[in-house]
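Following: one structure in structure tokens, then a few remarks.
The values are calculated or read from the model by the stated rules, or taken from the named source; none is laboratory data. Since this is a predicted model, take the numbers as computed values, not measurements. Here Cβ is always computed from backbone atoms with ideal geometry, including for glycine, and neighbour counts include all displayed protein chains.
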Amino acid sequence: MERLPKIAIPAVIAVVVLIILLAKSAVTIDSGQAGVLYKTFDEGVVTDNPPLGEGFHIIAPWNKVFVYEVRQQELFEKMKVLSSNGLEIQIDASAWYEPVYKDLGNLHQSIGKDYLQRVIQPAIRSAARSVVGRYTPEQLYASKRDAIQDEIFEETKLILNKQFVQLNQVLVRDVTLPNTIKDAIERKLKQEQESLEYEFRLVTADKEAQKVRIEAQGKADANKILSASLTDKILQDKGIDATMKLAESPNSKVIVIGSGDSGLPIILGDQ
């Protein structure tokens, strides 16, 4: 086998070195990611320029790129916290978060890639303890889940202010009380419901009784007015009118044989 010319050896070495440098200089940022550039012989972490976006990039081989997920991510937390009266409550919650894109360099420099464990988890746990501690188990069980969800979200956002991360939403998925407390609350709610139903029946019965009394009083007043207006003369005139109509009936043979106690004729017919 023929030996390579002496001039070819440096060329091969140069090509190999070039390939190595290109391999170390080429950086590909995947979809949903961004890169923070670190300049080894310059200013370190680059914070005054936007991060490296998706796609292919060439950097100096002595520099580094730290890749971050910049899409919305989810944190699921099971937290045991105390209510206002000191009872232990379990909260199952999810937090939707993402790094602030334009501040990715500041996030890397001040906190690092483990920012979830360093700032987000402690913030949401602290906010949950603070918020749940304002409510009784009865309030948490009955009607305050939406309220504590909103309050945990707002307090967590306040804690994370200027931490270069963005909190999009907090969802309280479940509130678990001790079984003894849950059973006691359910019994109390059932008793309150039964009491409300009983009060409703009493009110309904009272209204019905008032209606009957009003109707009876109306009838009594009407009869009183009618009795006062029916004089003997009016009754006699009405009796005469009725007698005349009866006498005019084609099916009756009318015979007048005298008069009744009121002075009205007595009518006898063939029926």
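Matching residues to (1) closer than 28 Å to Gly35 by Cα; (2) in contact with a strand residue (DSSP E or B) (Cβ under 9 Å, 6 or more places away or on another chain); (3) surrounded by 14 or more Cβ atoms within 10 Å (Cβ to Cβ); (4) not small (Gly, Ala, Ser):
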site	(1), (2), (3), (4)
Val70	yes, yes, yes, yes
Leu75	yes, yes, yes, yes
Lys78	no, yes, no, yes
Val81	no, yes, yes, yes
Asn85	no, no, no, yes
Asp92	no, yes, yes, yes
Tyr115	yes, yes, yes, yes
Gln121	yes, yes, yes, yes
Ser126	no, no, yes, no
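Yes or no: Leu140 surrounded by fewer than 17 Cβ atoms within 10 Å (Cβ to Cβ) and hydrophobic (A, V, I, L, M, F, W, C)? Spell out the reasoning first.
Working: surrounded by fewer than 17 Cβ atoms within 10 Å (Cβ to Cβ): no; hydrophobic (A, V, I, L, M, F, W, C): yes.
Answer is no for this residue.
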*Only one of these conditions is not met by Met1: (1) at pLDDT 90 or above; (2) in a loop (DSSP other than H, G, I, E, B). Which number is it?*
(1)
*Give the range 28-46 a look and list any residue that's surrounded by 17 or more Cβ atoms within 10 Å (Cβ to Cβ) and over 13 Å from His108 (Cα atoms), or say none.*
Ile29
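How many of the residues in the range 46-68 are hydroxyl-bearing (Ser, Thr, Tyr) and touching a strand residue (DSSP E or B) at 6+ places or on another chain (Cβ under 7 Å)? Quick ask: steps written out before the conclusion?
As a first pass, look at the range 46-68 and keep what is hydroxyl-bearing (Ser, Thr, Tyr): 47, 68.
From what is left, the residues that are touching a strand residue (DSSP E or B) at 6+ places or on another chain (Cβ under 7 Å) are 68.
Final tally of qualifying residues: 1.
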_Filtered residues of the range 47-63 (kept if buried (at least 16 other Cβ atoms within 10 Å of the Cβ) and either in contact (Cβ under 8 Å) with a residue 40 or more places away in the chain or not aliphatic (A, V, I, L, M) (or both))_ = Thr47, Pro51, Asn63
*Which ranges mark the helices (runs of 4 or more DSSP H) fully within the range 36-150 that have 2 or more residues being modelled with pLDDT of 95 or more and either of a type outside the set (Ser, Thr, Tyr) or in the same structural domain as Leu167 (by TED's automatic domain parsing) (or both)?*
104-110, 121-132
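Residues being among the hydrophobic types (A, V, I, L, M, F, W, C) and either closer than 21 Å to Asn85 by Cβ or out of contact with any strand residue (DSSP E or B) (no Cβ under 8 Å at 6 or more places or on another chain) (or both): count how many of those fall in the range 128-174. Outline the logic, then answer.
Looking only at the range 128-174, we keep the residues that are among the hydrophobic types (A, V, I, L, M, F, W, C), and these are 128, 131-132, 140, 142, 147-148, 152-153, 158-160, 164-165, 167, 170-172.
Still in the running and either closer than 21 Å to Asn85 by Cβ or out of contact with any strand residue (DSSP E or B) (no Cβ under 8 Å at 6 or more places or on another chain) (or both): 128, 131-132, 140, 142, 147-148, 152, 158-159, 172.
Here the count works out to 11.
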*Filter the range 8-35 down to residues that are at pLDDT below 90 and in contact with a Pro (Cβ under 9 Å, 6 or more places away or on another chain) and give me whichever is farthest from Asn63 (Cα to Cα).*
Ile20
